[in-house]
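Peer 1: Okay, handing you the structure first.
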Amino acid sequence: MSDPKLLINGALRDGVRTMDVINPATGGSFAACPLADEALLDEAVAGAKAAFPAWSARPIEERAGLVIALADALQARAGEFSQLLTREQGKPLDQAGMEVMGAAFTLRAFAAMRLEPVLLKDDEKGKIVELRKPLGVVGAITPWNYPLMLLMNKVGPALMAGNTVVAKPAPTTPLTSLLFGTLCADIMPPGVVNIVCDDNDLGPAITSHPDIAKISFTGSTETGKKVMQAAAATLKRVTLELGGNDAAIVLDDADPVDTARRIFQGAMANAGQVCIAIKRAYVPEAMYEIFCEELAQLARVAIVDDGSRQGAQIGPIQNRAQFDKLRALLKTCADEGQLAAGGDVIDRPGYFLAPTIVRDVDDNALIVREEQFGPILPILKYHDLDDVIARANAGNYGLGGSIWSADEERATAAAARIQSGTVWVNQHLALNPTVPFRGAKSSGMGVELGMDGLKEYTQASIINIKRQ
Ligand code: NAD
(Lines give C-alpha, C1' and ligand atoms only; values in the text may rest on other atoms or scores of the structure.)
Protein backbone atom coordinates (compact mmCIF):
# COMPACT_ATOMS: atom_id res chain seq x y z
CA MET A 1 0.00 0.00 0.00
CA SER A 2 1.88 3.04 -1.22
CA ASP A 3 0.34 6.00 0.59
CA PRO A 4 -2.16 4.95 3.26
CA LYS A 5 -4.86 7.44 4.17
CA LEU A 6 -7.55 7.76 6.81
CA LEU A 7 -11.16 7.66 5.65
CA ILE A 8 -13.11 10.57 7.10
CA ASN A 9 -16.56 11.48 5.86
CA GLY A 10 -15.95 9.99 2.43
CA ALA A 11 -12.53 11.62 1.92
CA LEU A 12 -9.16 9.85 2.00
CA ARG A 13 -7.12 12.08 4.28
CA ASP A 14 -3.66 12.48 5.74
CA GLY A 15 -3.31 12.30 9.49
CA VAL A 16 -1.77 14.86 11.83
CA ARG A 17 1.44 12.82 11.85
CA THR A 18 2.59 9.35 10.85
CA MET A 19 3.77 6.26 12.68
CA ASP A 20 6.07 3.49 11.41
CA VAL A 21 4.40 0.16 10.68
CA ILE A 22 6.73 -2.73 11.50
CA ASN A 23 6.92 -6.00 9.60
CA PRO A 24 7.19 -8.51 12.47
CA ALA A 25 9.14 -10.92 10.24
CA THR A 26 12.01 -8.41 9.92
CA GLY A 27 11.56 -6.01 12.82
CA GLY A 28 11.90 -3.19 10.27
CA SER A 29 9.48 -0.47 9.25
CA PHE A 30 7.86 -0.82 5.82
CA ALA A 31 5.15 1.84 5.77
CA ALA A 32 4.02 5.05 7.44
CA CYS A 33 0.54 5.02 8.95
CA PRO A 34 -1.39 8.31 9.18
CA LEU A 35 -2.60 9.07 12.70
CA ALA A 36 -5.74 10.92 13.72
CA ASP A 37 -6.07 13.22 16.70
CA GLU A 38 -9.28 13.99 18.58
CA ALA A 39 -10.22 16.74 16.11
CA LEU A 40 -10.03 14.29 13.17
CA LEU A 41 -11.94 11.71 15.21
CA ASP A 42 -14.63 14.35 15.82
CA GLU A 43 -14.82 14.97 12.07
CA ALA A 44 -15.24 11.24 11.45
CA VAL A 45 -17.98 10.97 14.07
CA ALA A 46 -19.72 14.07 12.70
CA GLY A 47 -19.58 12.54 9.21
CA ALA A 48 -21.03 9.28 10.47
CA LYS A 49 -23.75 11.11 12.38
CA ALA A 50 -24.70 13.18 9.33
CA ALA A 51 -24.80 10.07 7.11
CA PHE A 52 -26.96 8.08 9.52
CA PRO A 53 -30.49 9.37 8.66
CA ALA A 54 -30.18 8.68 4.92
CA TRP A 55 -28.31 5.38 5.37
CA SER A 56 -30.77 4.00 7.92
CA ALA A 57 -33.74 5.08 5.77
CA ARG A 58 -32.34 3.38 2.67
CA PRO A 59 -34.20 0.20 1.68
CA ILE A 60 -32.43 -2.82 3.15
CA GLU A 61 -31.97 -4.41 -0.29
CA GLU A 62 -29.94 -1.38 -1.35
CA ARG A 63 -27.84 -1.53 1.80
CA ALA A 64 -27.29 -5.25 1.20
CA GLY A 65 -26.26 -4.53 -2.39
CA LEU A 66 -23.56 -2.12 -1.21
CA VAL A 67 -22.27 -4.54 1.46
CA ILE A 68 -22.05 -7.24 -1.24
CA ALA A 69 -20.20 -4.76 -3.47
CA LEU A 70 -17.66 -4.34 -0.65
CA ALA A 71 -17.28 -8.13 -0.46
CA ASP A 72 -16.81 -8.33 -4.25
CA ALA A 73 -14.16 -5.60 -4.19
CA LEU A 74 -12.34 -7.29 -1.30
CA GLN A 75 -12.31 -10.58 -3.14
CA ALA A 76 -11.24 -8.99 -6.42
CA ARG A 77 -8.15 -7.63 -4.65
CA ALA A 78 -7.62 -10.64 -2.38
CA GLY A 79 -3.98 -11.06 -3.45
CA GLU A 80 -3.09 -7.48 -2.53
CA PHE A 81 -4.97 -7.67 0.79
CA SER A 82 -3.32 -11.00 1.67
CA GLN A 83 0.19 -9.75 1.02
CA LEU A 84 -0.39 -6.61 3.04
CA LEU A 85 -1.92 -8.66 5.85
CA THR A 86 1.11 -10.95 5.98
CA ARG A 87 3.45 -7.97 6.01
CA GLU A 88 1.72 -6.13 8.83
CA GLN A 89 0.43 -9.07 10.88
CA GLY A 90 2.98 -11.80 10.15
CA LYS A 91 0.74 -14.80 9.43
CA PRO A 92 1.69 -17.09 6.52
CA LEU A 93 0.34 -15.99 3.17
CA ASP A 94 -2.08 -18.92 2.79
CA GLN A 95 -3.61 -18.13 6.20
CA ALA A 96 -3.79 -14.44 5.24
CA GLY A 97 -5.65 -15.49 2.09
CA MET A 98 -8.11 -17.44 4.23
CA GLU A 99 -8.66 -14.41 6.44
CA VAL A 100 -9.35 -12.19 3.42
CA MET A 101 -11.79 -14.69 1.91
CA GLY A 102 -13.37 -15.21 5.33
CA ALA A 103 -13.81 -11.45 5.64
CA ALA A 104 -15.64 -11.30 2.29
CA PHE A 105 -17.72 -14.35 3.27
CA THR A 106 -18.71 -12.63 6.52
CA LEU A 107 -19.91 -9.52 4.68
CA ARG A 108 -21.99 -11.71 2.35
CA ALA A 109 -23.45 -13.65 5.27
CA PHE A 110 -24.62 -10.46 6.98
CA ALA A 111 -25.90 -9.05 3.69
CA ALA A 112 -28.26 -12.06 3.54
CA MET A 113 -29.67 -11.56 7.06
CA ARG A 114 -32.96 -9.80 7.68
CA LEU A 115 -34.43 -8.71 11.01
CA GLU A 116 -38.14 -8.84 10.26
CA PRO A 117 -40.70 -7.39 12.70
CA VAL A 118 -41.77 -10.06 15.19
CA LEU A 119 -45.48 -10.47 15.83
CA LEU A 120 -45.81 -11.13 19.56
CA LYS A 121 -49.60 -11.07 19.72
CA ASP A 122 -52.48 -10.59 17.28
CA ASP A 123 -56.07 -11.20 18.48
CA GLU A 124 -59.37 -9.38 18.89
CA LYS A 125 -58.00 -7.43 21.88
CA GLY A 126 -54.90 -6.13 20.20
CA LYS A 127 -51.67 -6.56 18.37
CA ILE A 128 -48.08 -6.38 19.59
CA VAL A 129 -45.14 -6.15 17.24
CA GLU A 130 -41.44 -5.92 18.03
CA LEU A 131 -39.38 -3.84 15.62
CA ARG A 132 -35.61 -3.52 15.37
CA LYS A 133 -34.17 -0.06 14.81
CA PRO A 134 -30.56 1.00 14.21
CA LEU A 135 -28.71 2.73 17.01
CA GLY A 136 -26.77 5.47 15.20
CA VAL A 137 -22.97 5.71 15.04
CA VAL A 138 -21.07 2.54 15.98
CA GLY A 139 -17.48 2.71 17.23
CA ALA A 140 -15.65 -0.45 16.10
CA ILE A 141 -12.36 -1.13 17.91
CA THR A 142 -10.25 -4.10 16.81
CA PRO A 143 -7.07 -5.94 17.91
CA TRP A 144 -4.02 -7.01 15.92
CA ASN A 145 -4.46 -10.76 15.47
CA TYR A 146 -7.18 -10.86 12.75
CA PRO A 147 -7.41 -7.19 11.78
CA LEU A 148 -9.48 -7.62 8.64
CA MET A 149 -11.76 -10.46 9.73
CA LEU A 150 -12.64 -8.85 13.06
CA LEU A 151 -13.37 -5.53 11.35
CA MET A 152 -15.87 -7.27 9.04
CA ASN A 153 -17.52 -8.97 12.04
CA LYS A 154 -18.47 -5.43 13.08
CA VAL A 155 -18.87 -3.51 9.82
CA GLY A 156 -21.15 -6.19 8.27
CA PRO A 157 -23.85 -6.25 10.97
CA ALA A 158 -23.52 -2.53 11.79
CA LEU A 159 -24.26 -1.51 8.19
CA MET A 160 -26.97 -4.11 7.64
CA ALA A 161 -28.78 -2.94 10.77
CA GLY A 162 -28.70 0.62 9.36
CA ASN A 163 -25.94 2.13 11.48
CA THR A 164 -22.91 4.09 10.37
CA VAL A 165 -19.39 3.25 11.55
CA VAL A 166 -16.21 4.82 12.89
CA ALA A 167 -13.59 2.07 13.01
CA LYS A 168 -10.23 2.10 14.73
CA PRO A 169 -7.74 -0.70 14.10
CA ALA A 170 -4.94 -1.70 16.49
CA PRO A 171 -1.86 0.51 16.11
CA THR A 172 0.40 -2.32 14.96
CA THR A 173 -1.94 -3.57 12.19
CA PRO A 174 -3.65 -0.51 10.67
CA LEU A 175 -2.94 -0.99 6.97
CA THR A 176 -5.46 -3.62 5.88
CA SER A 177 -8.20 -1.58 7.57
CA LEU A 178 -7.03 1.52 5.67
CA LEU A 179 -6.93 -0.42 2.40
CA PHE A 180 -10.50 -1.53 3.14
CA GLY A 181 -11.23 2.18 3.67
CA THR A 182 -10.26 2.87 0.05
CA LEU A 183 -12.92 0.35 -1.07
CA CYS A 184 -15.47 2.09 1.15
CA ALA A 185 -14.47 5.47 -0.31
CA ASP A 186 -15.35 4.14 -3.78
CA ILE A 187 -18.46 2.19 -2.88
CA MET A 188 -20.23 3.66 0.14
CA PRO A 189 -21.94 7.05 0.53
CA PRO A 190 -19.70 9.57 2.36
CA GLY A 191 -19.65 9.16 6.14
CA VAL A 192 -21.19 5.68 6.28
CA VAL A 193 -17.80 4.07 7.03
CA ASN A 194 -14.92 6.01 8.57
CA ILE A 195 -11.51 4.62 9.49
CA VAL A 196 -9.19 6.43 11.89
CA CYS A 197 -5.84 5.23 13.24
CA ASP A 198 -4.08 5.99 16.48
CA ASP A 199 -0.97 5.23 18.48
CA ASN A 200 -3.07 3.49 21.14
CA ASP A 201 -4.36 6.82 22.43
CA LEU A 202 -7.78 7.45 20.85
CA GLY A 203 -9.71 4.60 22.50
CA PRO A 204 -11.01 6.63 25.46
CA ALA A 205 -12.14 9.46 23.15
CA ILE A 206 -14.15 6.94 21.12
CA THR A 207 -15.66 5.08 24.06
CA SER A 208 -16.77 8.30 25.76
CA HIS A 209 -17.83 10.19 22.63
CA PRO A 210 -21.32 11.67 23.09
CA ASP A 211 -22.28 11.07 19.45
CA ILE A 212 -21.35 7.39 19.38
CA ALA A 213 -24.26 5.14 20.34
CA LYS A 214 -22.55 1.77 20.57
CA ILE A 215 -19.08 0.34 20.98
CA SER A 216 -18.21 -3.00 19.46
CA PHE A 217 -14.87 -3.92 20.98
CA THR A 218 -12.58 -6.89 20.46
CA GLY A 219 -9.41 -7.02 22.50
CA SER A 220 -8.04 -7.89 25.91
CA THR A 221 -10.14 -8.31 29.04
CA GLU A 222 -8.17 -5.56 30.75
CA THR A 223 -8.98 -3.01 28.04
CA GLY A 224 -12.56 -4.32 27.80
CA LYS A 225 -13.16 -3.28 31.41
CA LYS A 226 -11.95 0.25 30.60
CA VAL A 227 -14.27 0.35 27.58
CA MET A 228 -17.26 -0.58 29.72
CA GLN A 229 -16.39 2.04 32.32
CA ALA A 230 -15.93 4.78 29.74
CA ALA A 231 -19.16 3.84 27.95
CA ALA A 232 -21.18 4.06 31.17
CA ALA A 233 -21.22 7.86 31.26
CA THR A 234 -23.26 8.03 28.04
CA LEU A 235 -24.96 4.64 28.54
CA LYS A 236 -23.60 3.36 25.25
CA ARG A 237 -24.46 -0.14 24.18
CA VAL A 238 -21.33 -2.28 24.35
CA THR A 239 -20.36 -5.61 22.89
CA LEU A 240 -17.13 -6.96 24.31
CA GLU A 241 -15.23 -9.88 22.75
CA LEU A 242 -12.32 -10.41 25.11
CA GLY A 243 -9.55 -12.79 26.05
CA GLY A 244 -9.77 -16.54 26.53
CA ASN A 245 -7.90 -19.45 28.08
CA ASP A 246 -9.51 -22.32 26.20
CA ALA A 247 -8.99 -25.82 27.55
CA ALA A 248 -8.97 -28.91 25.32
CA ILE A 249 -9.96 -32.03 27.25
CA VAL A 250 -8.99 -35.32 25.67
CA LEU A 251 -11.18 -38.23 26.81
CA ASP A 252 -9.64 -41.66 27.30
CA ASP A 253 -11.25 -43.12 24.15
CA ALA A 254 -9.73 -40.55 21.76
CA ASP A 255 -7.04 -41.51 19.26
CA PRO A 256 -3.95 -39.91 20.83
CA VAL A 257 -1.92 -39.36 17.65
CA ASP A 258 -4.70 -37.94 15.52
CA THR A 259 -6.02 -35.82 18.40
CA ALA A 260 -2.54 -34.49 19.18
CA ARG A 261 -2.21 -33.34 15.55
CA ARG A 262 -5.50 -31.53 15.61
CA ILE A 263 -4.81 -29.98 19.00
CA PHE A 264 -1.46 -28.73 17.70
CA GLN A 265 -3.30 -26.92 14.89
CA GLY A 266 -5.79 -25.47 17.34
CA ALA A 267 -2.98 -24.18 19.55
CA MET A 268 -0.47 -22.93 16.97
CA ALA A 269 -2.66 -21.34 14.28
CA ASN A 270 -1.61 -17.70 13.80
CA ALA A 271 1.35 -18.46 16.12
CA GLY A 272 -1.14 -19.03 18.93
CA GLN A 273 -2.40 -15.45 18.69
CA VAL A 274 -6.06 -16.36 18.56
CA CYS A 275 -8.60 -15.55 21.27
CA ILE A 276 -10.00 -19.07 20.84
CA ALA A 277 -6.69 -20.90 20.42
CA ILE A 278 -6.25 -23.98 22.59
CA LYS A 279 -4.27 -22.54 25.50
CA ARG A 280 -4.05 -25.65 27.73
CA ALA A 281 -4.60 -29.34 26.98
CA TYR A 282 -5.74 -31.90 29.59
CA VAL A 283 -4.80 -35.49 28.76
CA PRO A 284 -5.51 -38.77 30.63
CA GLU A 285 -2.48 -40.13 32.43
CA ALA A 286 -2.47 -43.35 30.38
CA MET A 287 -1.89 -41.49 27.10
CA TYR A 288 0.20 -38.63 28.49
CA GLU A 289 3.61 -39.82 27.23
CA ILE A 290 2.54 -40.60 23.69
CA PHE A 291 0.55 -37.37 23.53
CA CYS A 292 3.42 -35.16 24.72
CA GLU A 293 5.85 -36.89 22.38
CA GLU A 294 3.58 -36.45 19.36
CA LEU A 295 3.05 -32.75 20.13
CA ALA A 296 6.76 -32.20 20.74
CA GLN A 297 7.57 -33.83 17.41
CA LEU A 298 5.05 -31.64 15.60
CA ALA A 299 6.59 -28.57 17.24
CA ARG A 300 10.12 -29.62 16.25
CA VAL A 301 9.28 -30.06 12.56
CA ALA A 302 6.92 -27.09 12.12
CA ILE A 303 8.31 -24.59 9.62
CA VAL A 304 8.60 -21.23 11.37
CA ASP A 305 9.40 -18.51 8.89
CA ASP A 306 8.55 -15.16 7.39
CA GLY A 307 4.92 -15.59 6.37
CA SER A 308 5.65 -14.36 2.86
CA ARG A 309 7.97 -17.34 2.24
CA GLN A 310 6.53 -20.38 0.52
CA GLY A 311 5.97 -23.22 2.98
CA ALA A 312 5.92 -21.13 6.18
CA GLN A 313 3.54 -22.75 8.68
CA ILE A 314 4.02 -20.50 11.69
CA GLY A 315 4.91 -16.83 11.37
CA PRO A 316 6.39 -14.37 13.87
CA ILE A 317 4.79 -12.88 16.96
CA GLN A 318 2.90 -9.82 15.76
CA ASN A 319 4.60 -7.09 17.78
CA ARG A 320 7.55 -6.35 20.02
CA ALA A 321 5.50 -5.92 23.22
CA GLN A 322 3.85 -9.32 22.82
CA PHE A 323 7.20 -10.88 21.89
CA ASP A 324 8.77 -9.53 25.09
CA LYS A 325 5.80 -10.72 27.16
CA LEU A 326 6.12 -14.22 25.72
CA ARG A 327 9.87 -14.32 26.30
CA ALA A 328 9.27 -13.53 29.97
CA LEU A 329 6.58 -16.21 30.11
CA LEU A 330 8.93 -18.78 28.57
CA LYS A 331 11.31 -18.29 31.49
CA THR A 332 8.56 -19.30 33.92
CA CYS A 333 7.76 -22.39 31.80
CA ALA A 334 11.24 -23.80 32.31
CA ASP A 335 10.86 -23.34 36.10
CA GLU A 336 7.29 -24.56 36.40
CA GLY A 337 7.40 -27.54 34.06
CA GLN A 338 9.57 -29.30 31.49
CA LEU A 339 10.14 -28.07 27.97
CA ALA A 340 9.35 -30.95 25.61
CA ALA A 341 10.04 -28.78 22.55
CA GLY A 342 11.01 -25.18 21.85
CA GLY A 343 11.40 -22.82 24.76
CA ASP A 344 13.35 -20.03 23.16
CA VAL A 345 13.44 -17.29 20.58
CA ILE A 346 14.73 -18.12 17.11
CA ASP A 347 17.98 -16.31 16.44
CA ARG A 348 17.10 -14.20 13.42
CA PRO A 349 15.69 -10.71 12.81
CA GLY A 350 12.01 -10.24 13.62
CA TYR A 351 9.95 -11.62 16.47
CA PHE A 352 10.20 -15.38 16.11
CA LEU A 353 9.60 -17.93 18.86
CA ALA A 354 10.07 -21.67 18.51
CA PRO A 355 6.75 -23.50 18.97
CA THR A 356 6.90 -24.67 22.56
CA ILE A 357 5.37 -27.66 24.32
CA VAL A 358 5.48 -27.56 28.12
CA ARG A 359 4.84 -30.80 30.04
CA ASP A 360 4.60 -31.76 33.71
CA VAL A 361 3.02 -28.47 34.69
CA ASP A 362 0.20 -28.05 37.16
CA ASP A 363 -2.76 -25.70 37.26
CA ASN A 364 -0.90 -23.10 39.31
CA ALA A 365 1.73 -22.47 36.64
CA LEU A 366 1.51 -19.02 35.06
CA ILE A 367 1.35 -20.57 31.57
CA VAL A 368 -1.83 -22.41 32.64
CA ARG A 369 -3.53 -19.62 34.57
CA GLU A 370 -2.88 -16.78 32.12
CA GLU A 371 -3.76 -16.30 28.47
CA GLN A 372 -0.38 -16.72 26.74
CA PHE A 373 -1.51 -15.60 23.25
CA GLY A 374 1.52 -17.19 21.60
CA PRO A 375 2.90 -20.52 20.31
CA ILE A 376 3.27 -22.14 23.73
CA LEU A 377 1.08 -25.05 24.80
CA PRO A 378 1.07 -26.58 28.29
CA ILE A 379 -0.03 -30.23 28.59
CA LEU A 380 -1.59 -31.32 31.88
CA LYS A 381 -2.42 -34.79 33.22
CA TYR A 382 -5.75 -35.84 34.68
CA HIS A 383 -7.33 -38.95 36.22
CA ASP A 384 -10.97 -38.14 36.72
CA LEU A 385 -13.49 -36.46 34.41
CA ASP A 386 -15.34 -34.51 37.13
CA ASP A 387 -12.07 -33.21 38.40
CA VAL A 388 -10.77 -32.14 34.99
CA ILE A 389 -14.00 -30.33 34.18
CA ALA A 390 -13.69 -28.40 37.44
CA ARG A 391 -10.08 -27.57 36.52
CA ALA A 392 -11.09 -26.42 33.03
CA ASN A 393 -13.79 -24.22 34.57
CA ALA A 394 -11.51 -22.68 37.19
CA GLY A 395 -10.40 -19.15 36.39
CA ASN A 396 -12.22 -16.16 35.01
CA TYR A 397 -12.16 -16.81 31.28
CA GLY A 398 -14.95 -18.59 29.41
CA LEU A 399 -14.52 -18.05 25.68
CA GLY A 400 -14.19 -21.50 24.05
CA GLY A 401 -13.11 -25.02 24.83
CA SER A 402 -13.15 -28.47 23.28
CA ILE A 403 -13.75 -32.13 24.13
CA TRP A 404 -12.04 -34.86 22.10
CA SER A 405 -13.53 -38.34 22.05
CA ALA A 406 -14.62 -41.23 19.84
CA ASP A 407 -18.02 -41.18 21.59
CA GLU A 408 -20.10 -38.19 20.51
CA GLU A 409 -22.70 -38.61 23.24
CA ARG A 410 -20.13 -38.78 26.00
CA ALA A 411 -18.27 -35.81 24.56
CA THR A 412 -21.46 -33.77 24.26
CA ALA A 413 -22.35 -34.46 27.90
CA ALA A 414 -18.90 -33.27 28.99
CA ALA A 415 -19.10 -30.24 26.66
CA ALA A 416 -22.36 -29.13 28.29
CA ARG A 417 -20.52 -28.82 31.61
CA ILE A 418 -17.86 -26.38 30.34
CA GLN A 419 -18.54 -22.75 31.32
CA SER A 420 -17.77 -21.13 27.96
CA GLY A 421 -19.62 -19.33 25.20
CA THR A 422 -18.63 -22.06 22.72
CA VAL A 423 -17.52 -25.66 23.27
CA TRP A 424 -16.44 -27.73 20.29
CA VAL A 425 -16.37 -31.49 20.00
CA ASN A 426 -13.49 -33.03 18.02
CA GLN A 427 -12.58 -29.65 16.58
CA HIS A 428 -11.54 -26.19 17.74
CA LEU A 429 -11.43 -22.71 16.17
CA ALA A 430 -14.53 -23.41 14.07
CA LEU A 431 -16.35 -20.10 13.62
CA ASN A 432 -19.08 -19.25 11.15
CA PRO A 433 -20.67 -15.82 10.61
CA THR A 434 -24.14 -17.35 10.95
CA VAL A 435 -23.39 -18.94 14.35
CA PRO A 436 -23.52 -16.69 17.45
CA PHE A 437 -20.19 -16.27 19.22
CA ARG A 438 -19.89 -14.95 22.76
CA GLY A 439 -17.69 -15.07 25.82
CA ALA A 440 -18.82 -16.22 29.26
CA LYS A 441 -17.42 -14.75 32.49
CA SER A 442 -14.52 -12.34 31.82
CA SER A 443 -14.30 -13.35 28.16
CA GLY A 444 -16.95 -10.92 27.09
CA MET A 445 -20.38 -9.48 27.11
CA GLY A 446 -22.98 -9.60 24.38
CA VAL A 447 -22.84 -11.55 21.15
CA GLU A 448 -21.02 -11.26 17.87
CA LEU A 449 -22.02 -13.08 14.64
CA GLY A 450 -25.29 -14.74 13.71
CA MET A 451 -28.74 -13.19 13.98
CA ASP A 452 -28.14 -12.59 17.69
CA GLY A 453 -24.99 -10.68 16.78
CA LEU A 454 -26.92 -8.59 14.25
CA LYS A 455 -29.55 -7.75 16.90
CA GLU A 456 -26.78 -6.24 19.07
CA TYR A 457 -26.60 -3.39 16.56
CA THR A 458 -30.27 -2.54 17.05
CA GLN A 459 -32.68 -1.20 19.61
CA ALA A 460 -35.79 -3.37 20.02
CA SER A 461 -38.98 -1.34 20.06
CA ILE A 462 -42.47 -2.60 20.89
CA ILE A 463 -45.60 -1.33 19.11
CA ASN A 464 -48.55 -2.26 21.35
CA ILE A 465 -52.01 -1.70 19.78
CA LYS A 466 -55.31 -1.96 21.68
CA ARG A 467 -58.31 -2.94 19.61
CA GLN A 468 -61.64 -1.38 20.67
P1 NAD B 1 -5.91 -4.62 23.42
O2 NAD B 1 -7.03 -4.68 24.39
O3 NAD B 1 -4.59 -4.14 23.89
O4 NAD B 1 -6.29 -3.65 22.21
C5 NAD B 1 -7.45 -3.83 21.43
C6 NAD B 1 -7.85 -2.51 20.82
O7 NAD B 1 -8.25 -1.60 21.86
C8 NAD B 1 -6.75 -1.79 20.05
O9 NAD B 1 -7.30 -1.20 18.91
C10 NAD B 1 -6.29 -0.73 21.04
O11 NAD B 1 -5.68 0.39 20.43
C12 NAD B 1 -7.60 -0.35 21.68
N13 NAD B 1 -7.49 0.28 22.99
C14 NAD B 1 -6.42 0.36 23.83
N15 NAD B 1 -6.75 1.03 24.95
C16 NAD B 1 -8.05 1.38 24.83
C17 NAD B 1 -8.97 2.07 25.68
N18 NAD B 1 -8.62 2.53 26.87
N19 NAD B 1 -10.24 2.22 25.24
C20 NAD B 1 -10.63 1.74 24.04
N21 NAD B 1 -9.81 1.07 23.20
C22 NAD B 1 -8.53 0.90 23.59
O23 NAD B 1 -5.84 -6.05 22.76
P24 NAD B 1 -4.75 -6.62 21.74
O25 NAD B 1 -3.49 -6.86 22.50
O26 NAD B 1 -4.72 -5.77 20.52
O27 NAD B 1 -5.42 -8.03 21.33
C28 NAD B 1 -5.20 -9.22 21.97
C29 NAD B 1 -6.36 -9.56 22.88
O30 NAD B 1 -7.58 -9.57 22.14
C31 NAD B 1 -6.25 -10.95 23.49
O32 NAD B 1 -6.61 -10.90 24.85
C33 NAD B 1 -7.28 -11.76 22.71
O34 NAD B 1 -7.76 -12.89 23.38
C35 NAD B 1 -8.33 -10.74 22.46
N36 NAD B 1 -9.18 -11.13 21.33
C37 NAD B 1 -10.47 -11.51 21.57
C38 NAD B 1 -11.28 -11.94 20.51
C39 NAD B 1 -12.71 -12.37 20.75
O40 NAD B 1 -13.47 -12.41 19.78
N41 NAD B 1 -13.12 -12.68 21.96
C42 NAD B 1 -10.77 -11.96 19.23
C43 NAD B 1 -9.45 -11.58 19.01
C44 NAD B 1 -8.66 -11.16 20.08
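The values are calculated or read from the model by the stated rules, or taken from the named source; none is laboratory data. Being a predicted model, the structure only gives us computed values, none of them experimental. When we count neighbours, we look across all protein chains shown, and the Cβ atoms used for this are built from the backbone with ideal geometry, even at glycine. Just the protein is used for accessible areas: all its heavy atoms, side chains included, with ligands, DNA and RNA removed. Shrake-Rupley method; radii C 1.70, N 1.55, O 1.52, S 1.80 Å.
Peer 1: Once phi is turned into θ = phi - 60°, what whole-Hz ³J(HN,Hα) does the Karplus curve with 6.51, -1.76 and 1.60 give for every residue of the range 349-360, x standing for Gly and Pro?
Peer 2: So the J values, rounded to whole Hz, are x, x, 10, 9, 10, 6, x, 10, 10, 10, 10, 6.
Peer 1: If you don't mind, another one. List, in order, the whole-Hz ³J(HN,Hα) value for each residue of the range 121-126 obtained from phi through the Karplus relation with A = 6.51, B = -1.76, C = 1.60 and θ = phi - 60°; use x for Gly and Pro.
Peer 2: 7, 7, 9, 5, 7, x
Peer 1: Next question, about the same structure. Can you grab the distance from the C-alpha centre of the range 212-227 to the C-alpha centre of the range 129-153, Å, no decimals?
Peer 2: Here the answer is 12 Å between Cα centres.
Peer 1: Considering only C-alpha atoms, what is the centroid distance from the range 37-111 to the range 405-443, in Å?
Peer 2: Cα centres, the range 37-111 to the range 405-443: 28 Å.
Peer 1: Let me ask something else. Taking the chain on its own, what percent of its Cα-Cα pair distances exceed 35 Å? Write out the running numbers ahead of the final one.
Peer 2: Numbers: 35564 of 109278 pairs.
Counting pairs separated by more than 35 Å, the tail of P(r) holds 33 percent.
Peer 1: A further question on this structure: Before anything else, pin down the relative contact order of the range 329-468: Cα pairs under 8 Å, at least 6 apart, normalised by residue count, whole percent.
Peer 2: Worked out over the range 329-468, it gives 14 percent.
Peer 1: Further question on the same structure: How far is helix 147-160 tilted, in degrees, relative to the longest principal axis of the Cα atoms in the chain, given as a value from 0 to 90 rounded to the nearest 10?
Peer 2: That helix lies at roughly 30 degrees to the long axis.
Peer 1: Can I ask one more? Rounded to the nearest 10 degrees, what's the angle between the helix 60-76 long axis and the longest principal axis of the chain, both from Cα atoms, 0 to 90?
Peer 2: In the chain, helix 60-76 runs at an angle near 40 degrees to the longest axis.
Peer 1: Pairs LYS226/LYS381; LYS91/LYS236; LYS121/LYS441; LYS154/LYS441; LYS5/LYS225: which exceed 25 Å Cα-Cα?
Peer 2: LYS226/LYS381; LYS91/LYS236; LYS121/LYS441; LYS5/LYS225
Peer 1: If you restrict to DSSP beta bridges whose two residues both lie in the range 56-202, what percentage is antiparallel, to the nearest 5?
Peer 2: Looking only at bridges with both residues in the range 56-202, the antiparallel portion is about 40 percent.
Peer 1: Here is a follow-up. Per residue of the chain, what 222 nm ellipticity follows from adding -39500 (n - 2.57) for every DSSP H run with n ≥ 4, rounded to the nearest 500?
Peer 2: Working: 15 runs with 183 residues, N = 468.
Rounded to the nearest 500, the figure is -12000 deg cm²/dmol.
Peer 1: Then there is this: Largest first, what is the accessible-area ranking of VAL301, VAL155, VAL129 with a 1.4 Å probe?
Peer 2: So, going from the largest accessible area down, we get VAL301, VAL129, VAL155.
Peer 1: Follow-up. Can you compute log10 of I(q)/I(0) for the range 1-116 with the Debye formula, treating each Cα as one identical point scatterer, at q = 0.11, 0.14, 0.15, 0.16 Å⁻¹?
Peer 2: The Cα Debye sum returns log10 ratios of -0.51, -0.81, -0.91, -1.01.
Peer 1: Using DSSP, restrict attention to beta bridges with both residues in the chain and report what percent are antiparallel, rounded to the nearest 5.
Peer 2: Around 50 percent antiparallel, to the nearest 5.
Peer 1: Within 10 Å, count the other beta carbons around each residue, average over each peptide in 309-315, 2-8, and list them highest first.
Peer 2: Taking the mean over residues of other Cβ atoms within 10 Å, the ranking is 2-8, 309-315.
Peer 1: Largest first, how would GLU61, GLU456 line up by accessible area (1.4 Å probe)?
Peer 2: Values: GLU61 115, GLU456 45 Å².
The most accessible residue leads, giving GLU61, GLU456.
Peer 1: Leaving out ligands, DNA and RNA, what percent of the accessible area of the chain is carbon and sulfur, probe 1.4 Å? Mind dumping the intermediate values first?
Peer 2: Numbers: 9570 of 18590 Å².
Summing carbon and sulfur atoms, their accessible area is 51 percent of the total for the chain.
Peer 1: State, in angstrom, two size descriptors of the range 359-425 derived from its alpha carbons: Rg to one decimal place and Dmax to the nearest whole number.
Peer 2: Over the range 359-425's Cα set, Rg and Dmax evaluate to 12.3, 33 Å.
Peer 1: How would LYS466, LYS154 line up by accessible area, probe 1.4 Å, largest first?
Peer 2: Final ranking, largest accessible area leading: LYS466, LYS154.
Peer 1: Can you send over the solvent-accessible area of ASP255, 1.4 Å probe, protein chains only, in Å² to the nearest 10?
Peer 2: Near enough 80 Å² of accessible area.
Peer 1: Summarise the long-distance tail of P(r) for the range 293-340 by giving the % of C-alpha pairs beyond 17 Å. Display every interim value, and only then the final one.
Peer 2: On the way: 614 of 1128 pairs.
It works out to 54 percent of all Cα pairs.
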